[in-house]
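The structure appears right after this line, and notes come after that.
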Amino acid sequence: MHFDLQDLRLFTHVAEARSLTGGAQRAHISTAAASTRMKALEGQLDSRLFYRSSQGVEPTPAGDRLLRHARAILRQVEHVKSDFSGYADGEAGHLRIFANTTAVTEFMPEVLARFLATRPGITVDLQERLTKDIVRGVLDGTADLGIGAGVVEAQGLQLLPFSWDRLVLVVPQGHTLSNRPRVSFHETLTHPHVGLHDGSTLLQFLQDQVKDLGKSLPLRIQVLGFEPACRMIEAGVGIGILPESCALRYQHTLSIQLIELEDAWAQRERSIVVRELEALPSCGRSLIEAIYSHEGFSPSSTSTADTTNPA
């Protein structure tokens, strides 16, 4: 069985556009030619790849399966190209990273600023995603690597731990809980909370913990970022659960207090998630080394998750 890369790329365009015409436009060919090539691909695989209707096309289960493979193949081709191009101007390539809120807003901007400053041929697409979407993106090849914290459940992925962080309760000075050295998350639910925006990984994580307790998170206000959250907490709007690493930074300038959480899940291991480390382009492996260096973490080994993919 022989696969033409142009057919796989056209198939991906059509599947993502949910339109034969839209896919053909992205591939810069006529709709008739695109239709002929898609029918030929279906014949070669002896499988129907699209449901067709007046509204467009929708991948069949077989189409979804091929889409995952096609993305992985095309991304690997791009990796090969990046590894064997740009030698005259230095290292070149493109990386797409799916990461949680803490990574996107806290340490990755500094890591990437230093990393890219000496690598003008590299471009990066950094996107904030929920943990399940980080896992799915790495699995189907949409992302080159992911960055998450806590338990990452995904079969067949390599997890590369690089640091630890802790979630803490942040309260204003003089709050009724401020004299407590440790509190449980359950105890905080009787107070109004300051939370991050919808779609943030931290908010989703806390909502999952509350759901397990059979309660709801008493959100009084939601904000975009950790600094606005700390400022709202200082002003007495509510209390909040935040990463200790960022809360400590704002504690120097704001009248807030950090209290340890008793819950086991508050201690979180940060991990880089990849399909296969050796299959990454050289720029991807160099970025991972930069993350290790920034966090002062010495990796002793990598691990492969052997759990159920939540996606």
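According to the Kirkwood relation over distinct C-alpha pairs, the hydrodynamic radius of region 146-215 is 14.8 Å.
Working note: Karplus 6.51/-1.76/1.60 with θ = phi - 60° gives region 208-222 the couplings 5, 5, 5, 4, 5, 8, x, 10, 10, 7, x, 6, 9, 7, 10 Hz, where Gly and Pro are set to x.
For the chain, lysine pairs with C-alpha atoms less than 30 angstrom apart, excluding pairs fewer than eight positions apart on the same chain, total 4. Protection proxy ranking of 96-102, 181-187, 120-126, by the mean of other Cβ atoms within 10 Å over each peptide's residues and highest first, is 96-102, 120-126, 181-187. For Cα pairs less than 8 Å apart in space and 6+ apart in sequence, what is the mean separation divided by the residue count of region 164-267, i.e. the relative contact order in percent? Reported relative contact order: 49 percent. Summarising the label geometry, the points placed 7 Å from Cα in the beta-carbon direction at residue 6 and residue 77 lie 1.1 nm from one another. Shown here are the Rg and Dmax of the Cα trace of region 5-81, at 11.8, 39 Å. Diffusion of region 1-148 by Stokes-Einstein, at 4 °C in a medium of 1.567 mPa s and with Rh set to the Kirkwood radius over alpha-carbon pairs, works out to 76 µm²/s. Computed from phi, the 3J(HN,Hα) profile of region 164-177 under the Karplus parametrisation 6.51, -1.76, 1.60 (θ = phi - 60°) reads 10, 9, 10, 8, 10, 8, 10, 10, x, 4, x, 5, 4, 9 Hz, with x in place of Gly and Pro.
Since every read-out is calculated from the coordinates, none of them should be taken as a lab result. Keep in mind that this is a model prediction, so the values were computed, not measured. Backbone-built Cβ (ideal geometry, glycine too); neighbour counts: all protein chains shown.
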